[in-house]
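Report on the structure given below.
The values are calculated or read from the model by the stated rules, or taken from the named source; none is laboratory data. Note that the coordinates shown come from a computational prediction; the quantities given were computed from them, not determined experimentally. Counting neighbours? That spans all protein chains shown, and the Cβs are built from the backbone with ideal geometry, glycine included.
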Amino acid sequence: MADLSVELAGLRFKNPVVAASGPIAHSSTTLEKAIKSGLGGVVTKTCTATPYFRTYPRMEEYLLDFELDPHRIFAHPKGWALYHRDHLQHQDPEVWVKIIKEKMPLAKEYDCRIIGSIEGGLDANEWKKLAKMHAEAGVEALELNCCCPHPGVVSTQYQAGSSGAVGASVGKNAEAVAKAVKAVKEVTGLPVFVKLTPEAEDPAYIAKVAQEAGADGATIISRNLSLRIDIETGKAIGYTYCSTSGPGTKEFSMRWVAATAQLCNIPILASNGPVEPEDFIEFMMAGATVVETCTALMVYGYRYVKEILKGMEEFLDRKGYNARDIIGMALPLGPSSDIPVKFKAKYGVVDRDKCNGCKRCEEACFYDALRIENRKSIIDPDRCVGCGFCQYLCPQKAISYLERASEEEYIAALHKSL
């Protein structure tokens, strides 16, 4: 049986699946459920010193493009999204840390690491105060929220450039992130992770700055500000901007996980996009040591943790890996300019026994390489650029690809006048 344990900033996690900060760990009851679910760790709901953000933005949750399957509890329809907006921890810091402290013995019993999430805006003293309060409550690490709320959903007094800037407005400013990290490191010896926003021009660079300021890890990445319109009413769903999470955000998030892992020398906590067990494996191969999830547990419940772990364990056993073996397996990633040097160009071929002449591939070829003759598809190798698109649209799975003898053949197919 595969060993699922990993080590992050000196902390051993029994498995790499961690609850991201959110509704799934915002109260005494939800924190207890998360701890008992089998998670390797739990990031608590972000505690803030700003009273406004304990109530606002008003919470809105919309599960878009999701079709329930009454016969399969853990069915995964493709393309769905959780479109939402949320406030931070609604309880006063003094009340919340008391709850955390009460749950620490339970966390020890279940071997579940508790990471305290805090938000102090541009005020170093607030960061210090919240860090000390959480450390005294017994958390084993801290995650600095430099990602929520988004400036697009709050008034100008809390946006970038204002003295009260919070969340994503802080996360877009490398200097502000470094200031927060340094402030927290001054008052605690706990590992400090900084959770960053995709709203920054280059989150990997922000993570590098955080590392230089003393951060022990980076959580990559939070949610994008987004917009959906109800075309029947002509109004925005949720009244204004929200943010999106779910399977459709995975590839975007993984891009920044890989970029950060290659730029920095601190461990990565991945976030935003993992739902199925394979997603967690992908994030780890892209460079993450642990993978945080909130949306998947909101949709499928705490019992889904066992399904994630089961799927991961089955994959690792099949491949003969332990969890630690796959961290960063897909790295390094080179520039696309390396492709002609490392990989041969290809061209498509059709299995005529499988082809039924449906013309789907012909309609999808934009290089005039496909034609139908006698109700069978034919690919002209002198015109095929080897993009691979047609094979995904073939319902008969009749198309495959062969390597070209030379790069010159590919160039000739693309530039037919040569």
query: Within the range 112-131, is even one residue closer than 22 Å to residue 221 by Cβ and at pLDDT below 85?
result: no
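If the requirement is being in a helix (DSSP H, G or I) and not assigned by TED's automatic domain parsing to the domain that holds residue 277, which of these qualifies: 313, 408?
It is 408.
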- request: Among the residues of the range 264-293, write down those that are in a strand (DSSP E or B), within 23 Å of residue 83 (Cβ to Cβ) and of a type in the set (Ser, Thr, Tyr).
  value: 293
field: Residue check for residue 378: surrounded by 14 or more Cβ atoms within 10 Å (Cβ to Cβ) and closer than 30 Å to residue 8 by Cα
entry: no
task: Of all residues in the range 1-13, count the ones that are touching a strand residue (DSSP E or B) at 6+ places or on another chain (Cβ under 8 Å) and either assigned to a helix (DSSP H, G or I) or farther than 11 Å from residue 114 by Cα (or both).
output: 6
task: For residue 401, indicate whether it is of a type outside the set (S, T, N, Q), assigned by TED's automatic domain parsing to the domain that holds residue 310, in contact with a Phe, Trp or Tyr (Cβ under 9 Å, 6 or more places away or on another chain) and modelled with pLDDT of 95 or more.
output: no
Close pairs (8 angstrom Cβ cut-off, 6 or more residues apart or separate chains): surrounded by fewer than 15 Cβ atoms within 10 Å (Cβ to Cβ) in the range 389-418, among the basic types (Lys, Arg) anywhere: 393/360; 395/360; 397/354; 402/346; 403/344; 403/346; 407/344; 416/383
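Yes/no matrix, rows are residues, columns are (1) over 22 Å from residue 9 (Cβ atoms); (2) within 12 Å of the chain's Cα centre (by Cα):
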{"residue": "232", "(1), (2)": "yes, no"}
{"residue": "247", "(1), (2)": "yes, yes"}
{"residue": "252", "(1), (2)": "yes, yes"}
{"residue": "284", "(1), (2)": "no, yes"}
{"residue": "290", "(1), (2)": "no, yes"}
{"residue": "300", "(1), (2)": "yes, no"}
message: Residues that are at pLDDT 90 or above, at least 3 per element: which helices (runs of 4 or more DSSP H) completely within the range 156-227 meet that?
response: 174-187, 203-213
task: Kindly provide the set of residues from the range 349-364 that are over 25 Å from residue 403 (Cβ atoms) and either outside the structural domain of residue 384 (by TED's automatic domain parsing) or assigned to a loop (DSSP other than H, G, I, E, B) (or both), ordered by number.
output: 356, 357, 358, 359
- request: Evaluate the following for residue 55: is it modelled with pLDDT of 95 or more, more than 18 Å from residue 267 (Cβ to Cβ), over 20 Å from the mean Cα position of the chain (by Cα) and assigned by TED's automatic domain parsing to the domain that holds residue 290?
  value: no
- request: Go through the range 283-325 residue by residue and tally those that are within 17 Å of residue 254 (Cα to Cα) and touching a residue at least 40 places away in the same chain (Cβ under 8 Å).
  value: 12
statement: Residue hits (the range 14-28; outside any loop (DSSP other than H, G, I, E, B) and farther than 15 Å from residue 115 by Cβ) are 23, 28
- prompt: In this structure, does residue 296 turn out to be at pLDDT 95 or above and part of a helix (DSSP H, G or I)?
  reply: no
query: Within the range 336-344, is there a residue that is at pLDDT below 95, under 27 Å from residue 251 (Cα atoms) and outside any helix (DSSP H, G or I)?
result: yes
message: Just to be sure I understand the filter: pairs with C-beta atoms under 7 Å, separated by 6 or more residues or on different chains, first member in the range 105-119 and not assigned by TED's automatic domain parsing to the domain that holds residue 132 and hydrophobic (A, V, I, L, M, F, W, C), second member part of a strand (DSSP E or B) and surrounded by fewer than 24 Cβ atoms within 10 Å (Cβ to Cβ). Which pairs pass?
response: none
query: For residues in the range 93-134 being acidic (Asp, Glu) and assigned to a loop (DSSP other than H, G, I, E, B), which is surrounded by the fewest Cβ atoms within 10 Å (Cβ to Cβ)?
result: 111
